[in-house]
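Down below is the structure, laid out as structure tokens.
The values are calculated or read from the model by the stated rules, or taken from the named source; none is laboratory data. Just so we're clear, the structure is a prediction, and the values are computed from it rather than from any experiment. Cβ: placed from backbone, ideal geometry, glycine included. Neighbour counts: every protein chain shown. What goes into the accessible areas is simple: the full protein's heavy atoms, side chains included, and nothing from ligands, DNA or RNA. Shrake-Rupley method; radii C 1.70, N 1.55, O 1.52, S 1.80 Å.
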There are 2 protein chains.
Amino acid sequence: MALMFLSPDDPAELWRDELRARMPELDVQIWPEIADPAAIEVALVWRAPPGELARYPNLKAILSLGAGIEGLVADPTLPDLPIARMVDPSLTRTMSEYVLTAVLRHHREFDRFEREQRAHNWAYSFPPQAAERQIGVMGLGELGAQAARELARHGFPVAGWSRTPKAIAGVTSYAGRSELHAFLHRCDMLVCLLPLTAETRGILDAETFGGLAHGAFVINAARGAHLVEADLLAALDSGHLAGATLDVFHSEPLPPDSPLWRHPKVLITPHVASYCSPATAADGVVDNVRRALAGQPLRHQIDRARGY
Amino acid sequence: MALMFLSPDDPAELWRDELRARMPELDVQIWPEIADPAAIEVALVWRAPPGELARYPNLKAILSLGAGIEGLVADPTLPDLPIARMVDPSLTRTMSEYVLTAVLRHHREFDRFEREQRAHNWAYSFPPQAAERQIGVMGLGELGAQAARELARHGFPVAGWSRTPKAIAGVTSYAGRSELHAFLHRCDMLVCLLPLTAETRGILDAETFGGLAHGAFVINAARGAHLVEADLLAALDSGHLAGATLDVFHSEPLPPDSPLWRHPKVLITPHVASYCSPATAADGVVDNVRRALAGQPLRHQIDRARGY
């Protein structure tokens, strides 16, 4: 029983230790040091090189280290195996925390004070109370629902938009393209936590921004391909949007010559919104490893046709 | 029955309307347009010029528009009348929100990402989980206790330090000078919400900073005189402190030549941490106006000798 750990971004040794502590009989091998590809039965992966996962003839399941799996399924050589996305309390908690940090930074005008500070300018004025600042969350899956709940608990009026209607206490639900405009119309701040699919690609565009209140803020912590960057820059430069916090980009790392780096109303964070702690996530991984080895359905198995 | 409203910082007409809606018989006069000083029985004030409040012979009570009253009692000509500080849900809520915003901005390294962005630098790395970041709150009055509760609810381990021991669920209590060092020793982030008294003046000094963990952050949302600015700059420049968020200063507005403006690890906000909404605070003010006119003790009356 061997598991391959493959991620350029995660702490491999820490993961190996947490998995071994729970399942001593599991042989955890860290890519690219794989002695015998035929021994690998489960792969725990993030950002696997295209073609790589087709090289393991006895692979039974693919477990993603991230919540989004569009990178995996974009690989045309990916074997037709069960795929599970990561669902972990720390992944959800950190995303919700990131969204709250970004929302509060705009809401309490720390972004404006940072700019004013460069001019040594005492820019005294008070923002509205949280109850007067309407937030919209696009995408109400594990991450979006929790972020929406957290914002509502904090006192913001929160609406959510998703493919199908969702019942979340304290969150007004809008669903489908037909209700998108009504949803956008009430947003002073828009948070994107959608899965990336054919329907959601490029959804943060001029038309969407035009539907928001004047002076609105946009936070994208989903995927870079949700955003039409030129449309965002135009909406910021026209003054229609007051600011943006971006964690994800078409190309990552964001190229040094991207105009986003230089824009005074954009904050760039380097794809750090959500991260899981091996200490809390390892239980769920081990559970799915046992399921894969026993031929049972995985927990949090994705629907490959739907894309999430 | 006349009330004088005196504040250069608050929306006078909004306050007048909210007070009149609750107590139509009250004559609300907005300073400096006071027709007859002898008619004024109650003063609702913030930053009154020294000597001003001694000019109203029939004044019965002074109601502060802010939580801190050290500016009032510093006036040697202040008449010996009951003084109430402002306690209002919105005042407490906005302070707690400010503290959370500042803590999260440091915790999630948005301060570092802002600096890295100027160099177009994709500074990928993950901070500790909230459970691994210890926060200390100095001062556990109305504002400090609520901020401590909010931080604890968010998942941070929180300790509090105050003059006398306090029992707050989820917050470890330290009290008095004898326990200050033990309190500081466990803090990765220090939040000051103390009242300004002879005992707390200058408490944010080299000795206090030296007691904090290496790489700690300091947030001061209390009063400028709590902080020894030169000691803060030295601790930042030595690398012992990683950053600071300051809302209050010895001199306000902060003079344009202050070195704090230029420091890359300091965020200056212009005394905006806490603000009350007349719509929610007017009930408490009207209650105290009625008490003052009836000769009853005020709610939230301060102890002038103690200073808060």
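Placing a label point 7 Å from the Cα of B:ARG299 along the Cα-to-Cβ direction, the distances to the matching points in the other copies come to 4.8 nm, shortest first. Length gained on full extension, B:ALA21 to B:ARG47: 6.8 nm, using 0.36 nm per residue less the C-alpha separation. The relative contact order of chain A comes to 18 percent, based on Cα pairs under 8 Å that sit 6 or more residues apart. Projected onto planes of every orientation and averaged, the convex hull of the alpha-carbon atoms in the protein assembly as shown covers 30.5 nm². Here the stretch A:157-308 carries DSSP beta bridges of which approximately 5% are antiparallel, counting only pairs with both residues inside.
When DSSP beta bridges are restricted to pairs lying wholly in chain A, around 5% turn out antiparallel.
Projected onto their three principal axes, the Cα atoms of the stretch B:202-249 cover extents of 24, 17, 15 Å, largest first. With a simple spin-label model that places each label point 7 Å from the Cα along the Cα-to-Cβ direction, the separation between B:ALA234 and A:HIS181 comes to 6.4 nm.
Over the alpha-carbon set of the stretch B:75-185, divide Rg by the Kirkwood Rh and report the Rg/Rh ratio to two decimals. Mind showing how you got there, number by number?
Values: Rg = 17.9 Å, Rh = 16.2 Å.
Rg/Rh: 1.10.
Taking 20 Å as the straight-line reach from the Cα of B:LYS265, the lysines in range (excluding those fewer than 8 positions away in the same chain) are A:LYS265.
Which length gain, in nm to one decimal place, applies between B:ASP303 and B:HIS250 when the Cα-Cα distance is subtracted from 0.36 nm times their residue separation?
Numbers: separation 53, 0.36 × 53 = 19.08 nm, distance 2.37 nm.
Result: 16.7 nm gained on full extension.
Packing around the peptides B:149-161, A:29-41, B:294-306, taken as the average count of other Cβ atoms within 10 Å per residue, puts them in this order, highest first: B:149-161, A:29-41, B:294-306. Extending 7 Å from Cα along the Cβ direction at A:ARG55 and again at B:ARG290 yields two label points whose distance is 7.9 nm.
For chain B, would you read off the P(r) tail past 35 Å as a percentage of all alpha carbon pairs?
Numbers: 12166 of 47278 pairs.
Of all Cα-Cα pairs in chain B, 26 percent lie more than 35 Å apart.
Projected over all directions and averaged, the alpha-carbon convex hull of the stretch B:150-194 occupies 3.1 nm².
The DSSP beta bridges internal to the protein assembly as shown are antiparallel in roughly 5% of cases.
The stretch A:207-244 and the stretch B:3-18 have Cα centres spaced 37 Å apart. Between B:GLU33 and B:ALA123, full extension at 0.36 nm per residue minus the direct alpha carbon distance yields a gain of 26.8 nm.
What residue among B:GLU52, B:GLU97, B:GLU70 shows peak mean-square fluctuation when chain B is described by a Gaussian network model with Cα springs under 10 Å? Looking only at B:GLU52, B:GLU97, B:GLU70, the largest GNM fluctuation is found for B:GLU52.
Using the Cβ-Cβ distance between B:ARG262 and A:THR164 with R0 set to 41 Å, the FRET efficiency from 1/(1 + (r/R0)^6) comes to roughly 0.20. Look at the Cα gyration tensor of the stretch A:140-288: its axes a ≥ b ≥ c give a/c of at least 1.5 with a/b at or below b/c, and that counts as oblate. The mean of 1/r over all distinct Cα pairs in the stretch B:7-144, once inverted, gives the Kirkwood hydrodynamic radius of 18.8 Å. A Förster radius of 56 Å combined with the Cβ-Cβ distance from B:LEU14 to A:ASP75 puts the calculated FRET efficiency at roughly 0.40. Counting heavy atoms of the protein chains alone, B:GLU13 has an accessible area of about 100 Å² for a 1.4 Å probe. Over the residues of the protein assembly as shown, the helix contribution to mean residue ellipticity at 222 nm works out to -9000 deg cm²/dmol, using -39500 (n - 2.57) for each DSSP H run of at least 4.
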